[in-house]
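Below is one structure; the comments refer to it alone.
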Amino acid sequence: MSKFWIIFRREYAQVVRKKSFIVGILLTPVILGALTIGPTFLARMQSSETEKLAVIDRSEMQIGQSFKEALTEYTLPDSDMPYYSVEQVFELPATDSVKFAEIEDSLRHEIQDKDLKYFLVINQNPQVSDTNLYLVTNSDSFRSLNRFEKQLSNVLSSIRLEMSDINLSTDSVLALTGRIDLVTRDAKGESLPFQVKYFSMLAFLMIMFGMIIGYGQIVMRSVIEEKNSRIMEVLISSVSPFQLLAGKIAGLGAATFTQIGVWVIIGTGLYFMRGSLSIPSGVDRIIFDPFIIISFVLFLIAGYLFYSTIFALIGSIVNSEKEAQNFIMPVTMVFVLPFMVGIYVIQQPNSTASIVMSFIPLLTPSMMMMRVIFLAPSLTEYTLNGIVGEALLGFVTLSLSVVAIIWLTAKIFRIGILMYGKRPTFPEIMKWIKY
Amino acid sequence: MLLELKNVRKAYGDKVAVDNLSLDVPKGVIYGIIGPNGAGKTTTIRMIMNITVPDSGEVLLDGQRVTSDFRNRVGYLPEERGLYKKMTLEEVIVYMGELKGRTRRELIAKIDPWLQRMNLAEYRLKKVEELSKGMQQKLQFVTTIIHGPDLIILDEIFSGLDPLNIELIKDIILDLKREGKTILFSTHVMEQAEKLCDHVCMINRGQKVIDGRLNEVKAGFGKNSVQIDIEGDGGFIAELEGVGGVTEFNNYIELNLEEKADTNCILKAIADRVLVRRFDIVEPSLYNIFIDTARIDPAELNNKGGTTDV
């Protein structure tokens, strides 16, 4: 058996037989599941109940009644139940401010007690200025606010029309000026809620982050252990530094893939049982999209090789884990960066800045993956012009960087692992590379 | 010659660690490399092990340039010890042996006899971290020789061991020599080197200052000393011809003799004046040779042609 495989086998066995490995395998999908499916599930729970509201109408123009009628067009998803229920419309003369204050006060209490979700106050002459209208609520559902704005605009438009000289029917004016409800759909022509994409992306990035940084640090710790205990000298008298480096990275990489392999099996099981699991529609489309999955696996492999080599390099030049912390921080930060600029990338996945960032090798695994999830075309639309080609190119440049970083590390590693005591300075390391 | 170093040189930046060093290690001997701390012993051993590459010169094993195959024929115990703490004794021994090209089956068969000899048999399936420091050292010694190497390199093997274990390891080293293995060990504890070595080589500041069979080195050093025990005032002794210096101890006086001093004349001169109870001509100990030689700058030594090379 070649010495590479002997090292490979030991590194693999050391990780796989630990209890934490088994726990990680089982716990991670649960956490990710909660993270991905949870928010969508919650969002759904909210909208499965009819929302109650009340109106105080001081306009003396029955605007409250018209608004109530307009809202009847909305029903809850997958049912005939009304989305909104206008419990009461209080019509008051604009002059009776005592009564108004009394009603408003009691409605405020109802909102605080969650008996009511919104109440709308319509003062005199709302058609003249928007400031004569206001909505009281503790909720900030964009969807409902949009609907209310739209319906109120319609009601007010028809009033304005009646008061003007324009000789047109209300319907035709509304047809001209009416606001629309914009439904968002993705490139596949299917509508996929933004939050589903967002949380799926977070899940993918967190797996990637956990795997790459987690196993990268195991590589580093294993180098530091061998260096500290001076086993390194014995090892290097038995194998070449490169065999050692390669065996280590590959062995621990195999452990990573064992973990993912188990998840794939779990995932496949879930796929066939998805009907009975009521996974929110959309989540399964992302998790089981071949382009996303293949990209994920490739970027995970390349990213793992890239980062774990850097971690091995750090391990070879430091003397203790404590010393290594100074180096780990910036590396981890680089990987976390996408989580921070992510909000921009997912809104502008095709902007120049997003594209450029996704081609910086250190960022490629996470940034490109982010763009892949947001831009993934449907099966029939794979062309090299779009994200598929970019992902491929990103993978190629990342792979070349991996080769370069391994070459560089091999040069520093074989000297660093035998250096004890003082941490080498940067010029010293440069000398090792040339040496 | 099993192992030859030819004009080997290694520098780290401006600092020359080993300078123009040549060694010949015959097969089947116990060869000691001695020298003060920082003399270049470890660098020399690392070059022999092919861990570091010499800047110039070459290292030959059986007359051949050292290659990676060579690694399997050597066992190396570095000065600072360490093993994988979380592995069991059996796993560690098998892993280290496999890395030297042996199969698992071969190794498993050899584990028990070795552990028994080291009094570690009951720990076979325990983790390394459960062993005491001394036990770990013995275990590491087992991992060094488990694959049956032809050349065994031991760096400060006895440090930290109790006398019983020192005897144990010493016996094994002598057994290995009897089997025809070559043992090269470095130490700065001269008593051990003196008891074990057939050959010694002393390195100081990167250069070889002594090299040869132990008895020849001692003879060649030429400076014997005399221990005397007298009754009366020995103040005159320091003035005698051939006496280089006098050190008074509690029970005896030690005379350092000048080269080619006539001990007979000295004895007569002393016996004329006082009563002599004891007059011992002592061979120089390796310890004295070490101290004497280490004080001299090797460059100076070589220029004068006064090297004790034999």
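Roughly how many whole Å is it from the C-alpha centroid of the stretch A:96-145 to that of the stretch A:232-263? Comparing the Cα centres of the stretch A:96-145 and the stretch A:232-263, I get a distance of 66 Å. Solvent-accessible area assigned to carbon and sulfur over chain B amounts to 45 percent, based on a 1.4 Å probe. Rank B:Leu151, B:Leu240, B:Leu115 by mean-square fluctuation in a GNM of chain B with C-alpha springs under 10 angstrom and give only the top-ranked residue. So, out of B:Leu151, B:Leu240, B:Leu115, the one fluctuating most is B:Leu240.
The mean number of partner chain beta-carbon atoms within 10 angstrom of a residue's beta-carbon across peptide B:73-79 is 3. Across chain B, Cα-Cα pairs more than 38 Å apart make up 27 percent of the total. A simple charge model with +1 on the Cβ of Lys and Arg, -1 on the Cβ of Asp and Glu and nothing else charged puts the dipole of the stretch B:116-235 at about 560 debye relative to its Cα centre.
Apolar share of the accessible surface for the stretch A:51-176: 47 percent from carbon plus sulfur atoms, 1.4 Å probe. Computing FRET efficiency as 1/(1 + (r/R0)^6) for A:Asn319 and A:Met430, where r is the C-beta to C-beta distance and R0 is 22 Å, gives about 0.65.
Look at the Cα gyration tensor of the stretch A:51-176: its axes a ≥ b ≥ c give a/c of at least 1.5 with a/b at or below b/c, and that counts as oblate. In the full protein context, the stretch A:51-176 carries 58 Å² of accessible surface per residue, based on a 1.4 Å probe and ignoring ligands, DNA and RNA. Here is the interface size for B with A: some 2300 Å² of accessible area buried, both sides summed, with a 1.4 Å probe. Across all Cα atoms of the protein assembly as shown, the radius of gyration (one decimal) and Dmax (whole number) stand at 42.1, 153 Å. The spacing between the stretch B:106-167 and the stretch A:305-330, judged by their C-alpha centroids, is 33 Å. For chain B, the solvent-accessible area with a 1.4 angstrom probe is 47 square angstrom per residue.
Would you mind working out the magnitude of the charge dipole of the stretch A:51-176 relative to its Cα centre, with +1 at each Lys and Arg C-beta and -1 at each Asp and Glu C-beta, to the nearest 20 Debye?
Rounded to the nearest 20 debye, it is 240 debye.
Surface listing: B:His188, B:His147 arranged by accessible area from highest to lowest gives B:His188, B:His147, probe 1.4 Å. Amide H contacts of B:Ile210: B:Met202, each under 5 Å away and 5 or more positions distant or on a separate chain (H built 1.01 Å from N in the peptide plane; Pro and chain starts excluded). Whole-percent P(r), the stretch A:113-169, all Cα pairs, 10 Å bins from 0: 20, 45, 25, 9, 1. Of B:Asp24, B:Asp112, B:Asp198, the residue with the greatest mean-square motion in the GNM of chain B, using alpha carbon springs below 10 Å, is B:Asp112.
Taking every residue in B:86-99, how many Cβ atoms of other protein chains lie within 10 Å of its Cβ, on average?
Mean shielding count: 3.
Which of B:Lys27/B:Lys85; A:Lys411/B:Lys170; A:Lys322/A:Lys411; B:Lys86/B:Lys110; A:Lys19/B:Lys85; A:Lys431/B:Lys27 have a Cα-Cα distance over 29 Å? Flagged as over cut-off: B:Lys27/B:Lys85; A:Lys411/B:Lys170; A:Lys431/B:Lys27. In terms of packing, defined here as the mean over residues of other Cβ atoms within 10 angstrom, the peptides A:387-400, B:199-212 line up highest first as B:199-212, A:387-400. The label point for A:Leu393 and the one for B:Asp112, both projected 7 Å from the Cα toward the Cβ, are 6.6 nm apart. Think of it as helices only: each DSSP H run of n ≥ 4 in the protein assembly as shown is worth -39500 (n - 2.57), and spread over all residues that comes to -17500 deg cm²/dmol at 222 nm. Accessible-area loss of 40 Å² or more (1.4 Å probe, protein heavy atoms, chain alone versus all protein chains) is found in the stretch A:230-274 for A:Arg230, A:Ile231, A:Glu233, A:Val234, A:Leu235, A:Ser237, A:Ser238. In this simple spin-label model, placing a label point 7 Å from the Cα along the Cα-to-Cβ direction at both B:Arg9 and A:Asn132 gives a separation of 10.1 nm. Multiplying the residue separation of B:Asn37 and B:Glu259 by 0.36 nm and subtracting their alpha-carbon distance yields 77.1 nm. Report note on the peptides A:205-211, A:127-133, B:116-122: ranked by the mean count of other C-beta atoms within 10 Å, highest first, their order is A:205-211, B:116-122, A:127-133.
The values are calculated or read from the model by the stated rules, or taken from the named source; none is laboratory data. Quick caveat: nothing in here was measured; it's all calculated off a predicted structure. FYI the Cβ positions are ideal-geometry reconstructions off the backbone, even for glycines, and counts take in every protein chain you see. Just so you know, the surface numbers come from the protein's heavy atoms only, side chains and all, with ligands and any DNA or RNA stripped out. Shrake-Rupley method; radii C 1.70, N 1.55, O 1.52, S 1.80 Å.
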